[in-house]
């Protein structure tokens, strides 16, 4: 503390300026008789756990969306190859038909019909190519890059992602333990419950043990020398006699806990709904793909037979055209079904909370 006195205030023989320096240490400790401190710590740990679970949920979401973008680009490349192969087959059929027109074995109308179908399928190519570019742009954004900065390796895969091992779904308890949103809701519920204890402890007196020690000096040179020693030790009792305010805080904490409990229950139900929906969609996608695979094989056999019969003049051009259209539709539908299976697998990954890690190691497939 620095002081400066006027001539009127200064006593004779004293300096007009003076310094007073206090240095010391204060220590206090609250005796946690009624659980206020421990419940505060418990509530803070619940908040930390909820924040960590929220961060994990963001990571799972980013992984799922990044994988989805990468798979969309790869599946679009595979569907693009299928579309181009269909166009090439129709081109071949068109050339055969045009040769038959030249020798008078069929009419130009037959060639025109096949050319129209070929052009329809060719029109699908730019649409699929645009979907692939959009997926790559989305992948660049999700990896923190501009579209121009995306590495060329990201666009090299031309086969959609396929999972060759069972998904370790596990039981319901394991699911709820994995889902970050469920963990976050549970931690918020724990924190809200702990705050009831904090509010309840305010009904009782708060006891603090404390002490202080220090010295007073007129300069830094003799602060820790032979100057006067100041010390204080003893308890401090603090009791808020306004019990109505404390009980109102308890009621508010209990209401917050009921809200957190309702949120937790809703989160659990949502987790179960999303998981069952994702697994059901995945199962149906697999069954649909199996049926489309059989349909595609049958359509391919029919197309080969009709091409041979058409070359020999056994069937008309309308029959061949219908068979070619059926085969093209079956081929495109099968490629789209493969893409839907990959998306369903990503949805399952997200619904199950992702990762499936226990103790830092990936759990074996169940």
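Every read-out reported here was derived from the displayed coordinates using simple, explicitly stated rules and does not represent laboratory data. The structure displayed is predicted, hence computed values, not measured ones. Glycine also receives a Cβ, built like all others from the backbone with ideal geometry; neighbour counts cover every protein chain displayed.
With the Kirkwood sum run over all distinct C-alpha pairs, segment 54-110 has a hydrodynamic radius of 15.0 Å.
Provide the FRET efficiency to the nearest 0.05 for the residue 143-residue 37 pair, computing r from the beta carbons and using R0 = 51 Å. With R0 = 51 Å, the Cβ-Cβ based efficiency is 0.65.
What is the order of 122, 68, fewest Cβ neighbours within 10 Å to most?
Final ranking by Cβ density, sparse to dense: 122, 68.
Could you give log10 I(q)/I(0) at q = 0.11 Å⁻¹ for segment 214-303, computed by the Debye formula over C-alpha point scatterers of equal weight, without solvent? Result of the Debye calculation: -0.75.
Relative to the longest principal axis of the C-alpha atoms of the chain, give the angle of the C-alpha long axis of helix 180-201, reported between 0 and 90° and rounded to the nearest 10°. Tilt of helix 180-201: around 20 degrees. Relative to the longest principal axis of the Cα atoms of the chain, the long axis of helix 243-311 lies at roughly 20 degrees.
Just to be sure I understand: with springs between alpha-carbon atoms less than 10 Å apart, which residue in 75, 16, 217 has the highest mean-square fluctuation in the Gaussian network model of the chain? Greatest mean-square fluctuation among the candidates belongs to 16. Computed across segment 8-89, the Kirkwood hydrodynamic radius from all distinct Cα-Cα pairs reaches 21.3 Å. For the chain, a Kirkwood hydrodynamic radius built from all Cα pairs, placed in the Stokes-Einstein relation at 4 °C and 1.567 mPa s, yields a translational diffusion coefficient of 45 µm²/s. Computed extension length for residue 99-residue 284: 62.1 nm, one decimal, from 0.36 nm per residue of separation with the Cα-Cα distance subtracted.
To the nearest whole percent, what portion of all C-alpha pairs in segment 133-197 is separated by more than 17 angstrom? Everything past 17 Å amounts to 68 percent.
When each of the peptides 204-214, 79-89 is scored by how many other beta carbons lie within 10 Å of its residues on average, the order from highest to lowest is 79-89, 204-214.
Given the peptides 328-337, 289-298, 158-167, arrange them by the average over their residues of other C-beta atoms within 10 Å, most packed first.
Output ranking for 328-337, 289-298, 158-167: 328-337, 289-298, 158-167.
The packing ranking, built from the mean of other Cβ atoms within 10 Å per residue, places the peptides 99-107, 276-284 in the order 276-284, 99-107, highest first.
Shape summary: segment 44-171 maps onto an equivalent ellipsoid whose semi-axes, from the alpha-carbon gyration tensor, are 49, 16, 11 Å in decreasing order.
The value obtained for segment 252-337, namely the Cα convex hull volume divided by the number of residues, is 82 Å³ per residue. Per residue, the convex hull spanned by the alpha carbons of segment 96-216 comes to 380 Å³. The angle between the Cα long axis of helix 317-351 and the longest principal axis of the Cα atoms of the chain comes to about 10 degrees, rounded to the nearest 10.
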